[in-house]
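The values are calculated or read from the model by the stated rules, or taken from the named source; none is laboratory data. All values reported here derive from a predicted model rather than from experimental measurement. Every residue, glycine as well, gets a Cβ built from its backbone with ideal geometry; the counts of neighbours run over all protein chains shown. Keep in mind that these areas ignore ligands, DNA and RNA; they rest on the heavy atoms of the full protein, side chains included. Shrake-Rupley method; radii C 1.70, N 1.55, O 1.52, S 1.80 Å.
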Amino acid sequence: MSPAVLKVILTDLRSRKWQSVMLFVMLAVSTMCLSIAVLVGRGVNDPWGRVFEQVNGAHVWFTAIRGAVITYEGGGESITVSADRMNDPLPDLTKIGGIDGVAETAGPYPVTPAFFALSRFGEPMTITALPAQLPSMGGPLVVDGRWLQADGEIVMDSLAAQRAGYRIGDSVEVIVVERPVKGMQLGQPVRDGKTLRYTMVGVALDPGFDFAGAAYVLPAAFDAMMGDRQPDYRYGVRLSDPEKTRHVIAAARALYPEGTGIRALDWLWTKRVADETVRVVAPFLLADTAAALRTSTPSAFNVPLMLLSVSGVTAVIFAATIHSALRAGRLSPVTAIKRPYGAAPRGMSLPARLAARAGLSPSFVMGINDASANPVRAVLTLMVLAVGIIMCTFTLGAEATFAEMQKSTAIAGDEPYHIRVNLNGYGEDDAVAAVRSQAEVEAVVTVGGGTVQVNGVAEAVHVRAVGEDYGNTPWWFLEGRMLRKPDEVVIGHGMAELYGLGAGDSVTLSAGGATRAVTISGVYRDLERDGVIIMMDIGAFRAAFDPALPVTGMGLMVKDRSRSASVAAAIRSASGDVLRVRPLSNDPGEVIWTIRPVLLFLTALLLGMATLNLLSTLFSTVMERRRDFAIAKAVGMAPRQVLASVVTGACFLGLMGLALGIPLGLYVTGALYDAVGEIVNAGPDLGVMPHAWMLLALVPVALAVAALGSWAPGRLAVRVPVVRALREE
Amino acid sequence: MSTILSARGLTKVFDVSGSSVHALQGVDVDIESGEFVAIMGPSGCGKSTLLHLMAGMERPTAGEMILDGARVSGLSEAQWAVLRRKKIGFVFQSFNLLNNLSVAANVELPALLAGVKGKDAANKRRELLERLGIADKEHAVPSQLSGGQQQRVALARALVNAPEILMADEPTGNLDSKTRKGILDLLRQCNAAGQTIVLVTHDARVAAVARRRILHMRDGRVTDETRTDGRRDVKGILGSMIAQEA
């Protein structure tokens, strides 16, 4: 570039100092946003999936847990390890390999029982025995060091290694403990044990769904570690159709008696956790999130990535300006001098004509005309404004959702109860009596579990059979209402999607040779079994299918949720410590305060960019319209009218931005709610739309921001010197 | 005839790159109602500056002005804007129409700024455009008009509020001879109807249109004044010498 051209460029920039500064700031912010997007996109765009495909991952890992009884409550598994059952034979997992839809199997691999092995920090480790030749399906991905070659070696997953602070070559301590005592549940480590040491030779990534620290040793080393103790076993299956995962799991469970200690962890659940955690909070928790998910951690300061971002922005700027630059190069000097601002104007814009016809004052009409006379600029400014408003609308929706979550997290599919009670063998009537004896308890819902087939489809669907005060429990309904009659049921969102059912539909339930026709009164959100669940009256279930169906648990609502812990303690005491009573905190505070700052930051960023862009547009307009302002002042436009003209233009653009941004924002909000619901398998509409008053409040706020923002360019227009400006033109 | 505008000791000093340029040096001017006054002089003599000061588009460095009996020297920009709407019409050499507005909107603008209702402003506009022979152009935009037509529109705009005084700065400077004649005829007609006009020009033929008075300027001073009644009023030392000679 010649010095003369450079001088022209610099002079041009200096002559529009503020405009140049704002343009620079906007480009810098855009580059930053693009960098973050690339980082997040690259880092979190299915990081789990990348590893999964690299290792030819198993879609489901079944684990046979020695001495365990597994029950389902509250949307999760409850694994109780009982010393009495330690010598019971483990179920034969290989039967699962014969299920229709299973394409490949891996294992069974022996794994250490829960809390048999602990890290030096007392964290449970799941140590799997794998051969020196890594399996072709479902094995871990070695990302650092090497795989096992000798018995004294251990390979750890990246999470476990990071938490314990181990590096390649370090000596890893594994503390071997005795089997847990009777009735012990996961979450209560036992610390006495002997210490074994291995040399860490590699770090691996394991998409195998076990979030306890995973580690691997050769079979001989594993046998030496276990001594005469018996291991659990782990069996992986890869499916020909991953969408049939739930069906395969149901079929697998049906192979074994109920309560058999087989745990099934599927790729859908893990992917949901990975996506939910990473995508929602990724921008600020990349390192932690990625480590927690045991996937590759994108470096925040990856130079090639940053260069890629900068190149991307440069390319966009180039593409945006090349056309104008080529046009400038082709300009005829005579034409350009005659018409410094391009083609002759075609008169007032349509909005200005409408404003004039409406009888608005000429300064307002001029302002609207200035804002809309250049359609390309107006559209570009509107688009940036609209993006800010879209983000605002979404954030308002998020706040409305947060407010709803503060009342109850049932909106997210959690159980709406305040206290969970496990009968633990206590009699149903005695349990209900014990609970009702507490005056603070407002509602009692008894819960039992069963399975039925729906409309003759072979897969069994879990039934949440409810009794007592279920009618008013505030489950979150996507359509319809809670069941009220014995021949009514409500179905979970997953079931509605899977079976194509909705409120008002009639279905036939069958179990044990009996059938019953019922009507679906509503579709509700339930995280248990990804919403593939039916809720029906326990009396109706007993009458139709199983008179002996036991009540295994209860959900309680209390008058004052803050007293849940004390009420729970009182109930426990009233039952002689037989009932297992647990207050459910379901406190969304942590989730809210993780997401809220991100949303507020993004909103402020986009609104800031929109305001800067508006300012830049206004400054450009004022500079281009110097002559017009001078003429207007010459024919009698007062300074306040000039200012009003600029402010009117800004407010006009602000209003148009709202008119465009709010409907788009509502659409985007709804789409995002559906998308997040899809990702976390919680069904559509995973959120509350912003309330009308919130959107209405946006209007004066936007106008105030536009008016305040237009003050500076307005003052510039007011100070246009009449004679000098006309002479310059 | 009453004095509509009176200026005493008008001085304007411009600061150009650190040095002072004395554009006007103590100019005294009286404009009487119904007069057609031409201010003539070579380029850079200060005639346009004088006009701009009289219209309030520039502030004098020193001096006093009285317009329609009221002292206007120390008025604010907002007050001058009101004055320009109501009492002063201005026509520029380069027409200075608003390119984004139609002819009709351009002409109506001062009226609307002065608070005239839309309907009344439209009526005034139609009447003026009719009088100036461009009624058929009311929906056109300035870029679609010839120079002469644009200047007629500018004239209509300047007259829409029936100003006390019409000021024209080289109104025919950008026009060909035929068009120039047309504009000058219009100005004459306006003056014949009683409009007070102050016109600035460097062209003697244009100045000759001003039947009453021609003020001659040189180096920021009024040096000479010619009246249609044959009287000459030569200002300054040269003037007094010539008077003595006479």
Margin query: Checking the condition of a type in the set (Gly, Ala, Ser) and at pLDDT below 80, which residue from A:Gly227, A:Gly261 passes?
Written below: A:Gly261
Item checked: Every pair of residues 6+ apart whose Cβ atoms lie under 6 Å, when the first sits in region A:359-372 and is without any contact (Cβ under 8 Å) to a residue 60 or more places away in the chain while the second is open to solvent by 50 Å² or more (accessible area, probe 1.4 Å) -> none
Checklist line | Given (1) more than 12 Å from chain A (Cβ to nearest Cβ); (2) acidic (Asp, Glu); (3) surrounded by 22 or more Cβ atoms within 10 Å (Cβ to Cβ), index of the condition B:Asp169 fails | finding: (1)
Margin query: I'm trying to understand the selection: among the residues of region B:119-154, which are surrounded by fewer than 16 Cβ atoms within 10 Å (Cβ to Cβ), within 13 Å of chain A (Cβ to nearest Cβ) and either assigned to a helix (DSSP H, G or I) or of a type in the set (S, T, N, Q) (or both)?
Written below: B:Lys119, B:Asp120, B:Ser143, B:Gln144
Check: Among the residues of region A:83-90, is there at least one that is at pLDDT 80 or above, open to solvent by 70 Å² or more (accessible area, probe 1.4 Å) and either on the phi < 0 side of the Ramachandran plot or in contact with a Gly (Cβ under 7 Å, 6 or more places away or on another chain) (or both)?
Finding: yes
Notebook entry, point to check: Out of (1) in contact with a helix residue (DSSP H, G or I) (Cβ under 7 Å, 6 or more places away or on another chain); (2) open to solvent by 50 Å² or more (accessible area, probe 1.4 Å); (3) part of a helix (DSSP H, G or I), what's the single condition that is false for B:Lys178?
Noted result: (1)
Margin query: Test of understanding: among A:Val705, A:Val723, A:Val699, which residue is under 25 Å from A:Gly657 (Cα atoms), open to solvent by less than 50 Å² (accessible area, probe 1.4 Å) and either at pLDDT 90 or above or part of a helix (DSSP H, G or I) (or both)?
Written below: A:Val699
Margin query: Being touching a Pro at 6+ places or on another chain (Cβ under 7 Å) and either within 11 Å of chain B (Cβ to nearest Cβ) or surrounded by fewer than 24 Cβ atoms within 10 Å (Cβ to Cβ) (or both) is true for just one of A:Val635, A:Val642, A:Val622. Which residue is that?
Written below: A:Val635
Check: Which of the residues spanning region A:53-79 are of a type in the set (Ser, Thr, Tyr) and at pLDDT 70 or above?
Finding: A:Thr63
Next item on the list: Report, by residue number, each residue of region B:12-36 that is open to solvent by less than 40 Å² (accessible area, probe 1.4 Å) and more than 15 Å from B:Thr223 (Cα to Cα).
Entry: B:Lys12, B:Ile31, B:Gly34, B:Glu35, B:Phe36
Notebook entry, point to check: Of the conditions (1) within 13 Å of chain B (Cβ to nearest Cβ); (2) within 19 Å of A:Ala659 (Cα to Cα), A:Gly347 fails just one. Which one is it?
Noted result: (2)
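Which count do you get for residues in region B:37-69 that are assigned to a strand (DSSP E or B) and open to solvent by less than 20 Å² (accessible area, probe 1.4 Å)? Step through it out loud before you land on a result.
Just the residues of region B:37-69 that are assigned to a strand (DSSP E or B), to begin with: B:37-40, B:62-67.
Now narrow it down to the ones that are open to solvent by less than 20 Å² (accessible area, probe 1.4 Å): B:37-39, B:65, B:67.
Selection size over region B:37-69: 5.
Results for (1) farther than 30 Å from A:Leu698 by Cα; (2) within 33 Å of the chain's Cα centre (by Cα); (3) not acidic (Asp, Glu), shown as yes or no for each residue.
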{"site": "A:Ala544", "(1), (2), (3)": "yes, no, yes"}
{"site": "A:Gly555", "(1), (2), (3)": "yes, yes, yes"}
{"site": "A:Ala565", "(1), (2), (3)": "yes, yes, yes"}
{"site": "A:Val581", "(1), (2), (3)": "yes, yes, yes"}
{"site": "A:Thr603", "(1), (2), (3)": "no, yes, yes"}
{"site": "A:Leu618", "(1), (2), (3)": "no, no, yes"}
Notebook entry, point to check: strands (runs of 3 or more DSSP E) wholly in region A:519-592 with at least 2 residues that are at pLDDT 85 or above and among the small types (Gly, Ala, Ser) - which ones?
Noted result: A:553-558
Note to self: Of all residues being of a type in the set (A, V, I, L, M, F, W, C) and open to solvent by less than 20 Å² (accessible area, probe 1.4 Å) in region A:645-670, which is nearest to the other protein chains (Cβ to nearest Cβ)? Just the residue, please.
What the structure shows: A:Val646
Next item on the list: With respect to A:Val379, determine if the residue is more than 14 Å from every other protein chain (Cβ to nearest Cβ) and either more than 28 Å from A:His691 (Cβ to Cβ) or touching a strand residue (DSSP E or B) at 6+ places or on another chain (Cβ under 7 Å) (or both).
Entry: yes
